[in-house]
Amino acid sequence: MSASIPNPVRSAFTTHERDDTVIVNIGPSHPATHGTVQIIAELDGEKVLRTDVHCGYLHRGFEKECEDHTWHNLIPYVDRLNYCSALINDFAYCDAVEQMMGIEITPRTKYLRTLLSEYSRITDHLTCVAASLMELGAMTAFLYLVTVRDFMYEHLAALTGARVTYSYGRIGGLANDVPDGWFARLHEILAEYETYIERVHGLVDRNRIFIDRLRNVGTISTADALHWGFTGVILRSTGVPRDLRKDTPYLAYAELDFDVPVGINGDNYDRYYVRMREMDESVYMIRQLMDMMPEGPINLDDRRCVFPEKTLVYNEIESLINHFKLVMEGPSVPAGEIYLAHEAPNGELGFFLVSTGGGTPHKVHVRSPSFVHMGGVHRMLDGYQLADIVTTFGSVNMIGGECDR
């Protein structure tokens, strides 16, 4: 009996434009694709005539899964949208729920969330730039960047207990305050960052091979970037200073002094340079935030959403009941809906939440930058060389966890 299984991927094109071209599949599991994504490409020799990009191979079912868990229990799921900067996902989601509940977080939590968001931005950009350089054969620069990133991962592990997916945000606060000596170590790591980044600039910025592979490759115009809904580094590389931290300030960004770096041509080189400059701006902001950091509690005294202290749970019946109700039923979020976005390392990360007044959300939709970028990434691949797919896809920094629903 024939056991033919139909291909679940329906390509936008199945016939050749010309008789002398060939259609190939790249991925969904391929070293050039930075995760599980499939690129169907029609080639004329080494030249890419057209591409069709398909994502969604992780099968997480993120949004539907969220409808079956309490508002608190979603935090580990949210972590895994962009696992390179999980704290930003946490804080954006918690901010949306807090606004639905009419909650204002404590000043210390506001500054800590801002500081940790910028710290996460650096780790995300370090990962992206390091991987892109490794694919071009720049192993020394790659090792410099991942060395700094590992300093930061270990440092974040000392705060949160995990290296990558932290589950550190809480509705109404944070899991815990920073341990003793954490800020002193942060000062040391930022100094080490500057040393290593200077070495990377010296190695690659004016390297002829690096420039030839990136300059005028994967170019996208401002009009196309806006048309396809691009945000973040890709849009800013075309010269548009669009940044939610400046345009609609949240957390403590309105109190900080920082620039929004932009590119000129919208090519791979501009995206590399914008990321490098953004990391410098993040370091500048973190130093400001350490000087501004107030003392005080990190969690609100609000039993609708904040868990009572463990000592009270063990010794006081009211706190024990409160703890169990938050675990079993979840915080009661008033009926309504909200859309709230933060500036993630790859662009606008937005949460659309709908509550019917219970302890679980009625609907969770995430506007994740990588998913939106996959809709128009073919505009950055078509017309270039087959080998350029590697560098361009690296500069887009697609994160598979953001692409699934």
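Against the test of being acidic (D, E) and farther than 30 Å from L145 by Cα, the options D270, D302, D291 yield a single qualifying residue, D302. Does M139 qualify as being hydrophobic (A, V, I, L, M, F, W, C), at negative phi, out of contact with any Phe, Trp or Tyr (no Cβ under 6 Å at 6 or more places or on another chain) and open to solvent by 30 Å² or more (accessible area, probe 1.4 Å)? Taking the combined requirement at face value, the residue satisfies it.
When you check I105 against the structure, is it open to solvent by less than 50 Å² (accessible area, probe 1.4 Å), not acidic (D, E) and not in a helix (DSSP H, G or I), yes or no?
Values: open to solvent by less than 50 Å² (accessible area, probe 1.4 Å): yes; not acidic (D, E): yes; not in a helix (DSSP H, G or I): yes.
Yes: the conditions hold for I105.
Taken over the stretch 140-191, the residue count meeting the criterion of being without any contact (Cβ under 8 Å) to a residue 24 or more places away in the chain and not in a helix (DSSP H, G or I) is 7. The set of residues from the stretch 309-368 being in contact with a Pro (Cβ under 8 Å, 6 or more places away or on another chain), surrounded by 15 or more Cβ atoms within 10 Å (Cβ to Cβ) and farther than 18 Å from T248 by Cα comprises S319, N322, H323, V333, L353, V354, S355, G359. Contact map, the stretch 83-96: first residue among the hydroxyl-bearing types (S, T, Y), second residue open to solvent by 10 Å² or more (accessible area, probe 1.4 Å) and not in a helix (DSSP H, G or I), Cβ cut-off under 9 Å, separation 6 or more or different chains; pairs are Y83/V164; Y83/T165; Y93/L340. Reported count of residues in the stretch 27-47, each being assigned to a strand (DSSP E or B) and among the acidic types (D, E), is 2.
Please give the number of the condition R60 fails out of (1) open to solvent by 20 Å² or more (accessible area, probe 1.4 Å); (2) closer than 30 Å to T356 by Cα; (3) over 21 Å from the mean Cα position of the chain (by Cα); (4) of a type outside the set (A, V, I, L, M, F, W, C). Every condition holds for R60 apart from (3).
Which residues, taken from the stretch 195-218, are among the β-branched types (V, I, T) and either farther than 26 Å from V148 by Cβ or open to solvent by 50 Å² or more (accessible area, probe 1.4 Å) (or both)?
Within the stretch 195-218, the subset among the β-branched types (V, I, T) is 195, 197, 200, 204, 209, 211, 217.
Hits for the stretch 195-218 are T195, I209, V217.
For the stretch 238-324, the helices (runs of 4 or more DSSP H) that sit wholly inside it and include 3 or more residues that are under 23 Å from V200 (Cα atoms) and out of contact with any strand residue (DSSP E or B) (no Cβ under 6 Å at 6 or more places or on another chain) are 268-292.
Remark: pairs (first residue in the stretch 390-405, in contact (Cβ under 8 Å) with a residue 12 or more places away in the chain and at positive phi; second residue acidic (D, E) and in a helix (DSSP H, G or I); Cβ separation under 9 Å; 6+ apart in sequence or on different chains) = N397/D124.
Taking the stretch 76-96 as the range and being of a type outside the set (S, T, Y), closer than 19 Å to S282 by Cβ and open to solvent by less than 10 Å² (accessible area, probe 1.4 Å) as the test, the residues that pass are N82, A86, L87, I88, N89, D90, F91, A92.
For (1) in a loop (DSSP other than H, G, I, E, B); (2) at pLDDT below 90; (3) open to solvent by less than 40 Å² (accessible area, probe 1.4 Å), each residue gets a yes or a no:
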| position | (1), (2), (3) |
| --- | --- |
| S2 | yes, yes, no |
| N25 | no, yes, no |
| L49 | no, no, no |
| D52 | no, no, yes |
| N73 | yes, no, no |
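Hey, could you check the stretch 219-250 for residues that are closer than 15 Å to V372 by Cβ and among the small types (G, A, S) and say which is most open to solvent (accessible area, probe 1.4 Å)? Among them, the one singled out is G229.
Tally the residues that are among the β-branched types (V, I, T) and within 15 Å of I399 (Cβ to Cβ), restricting the search to the stretch 76-97. Outline the logic, then answer.
In the first step, residues of the stretch 76-97 are kept if they are among the β-branched types (V, I, T); the result is 78, 88, 97.
Next, from what is left, pick out any that are within 15 Å of I399 (Cβ to Cβ): 78, 88.
Result for the stretch 76-97: 2.
The values are calculated or read from the model by the stated rules, or taken from the named source; none is laboratory data. Predicted model, so just to flag it, every value in this text is computed and none were measured. Don't worry about glycine lacking a Cβ; one is built from the backbone with ideal geometry, like all the others, and counts go over all protein chains shown. These accessible areas exclude ligands, DNA and RNA; they are computed on the full protein's heavy atoms, side chains included. Shrake-Rupley method; radii C 1.70, N 1.55, O 1.52, S 1.80 Å.
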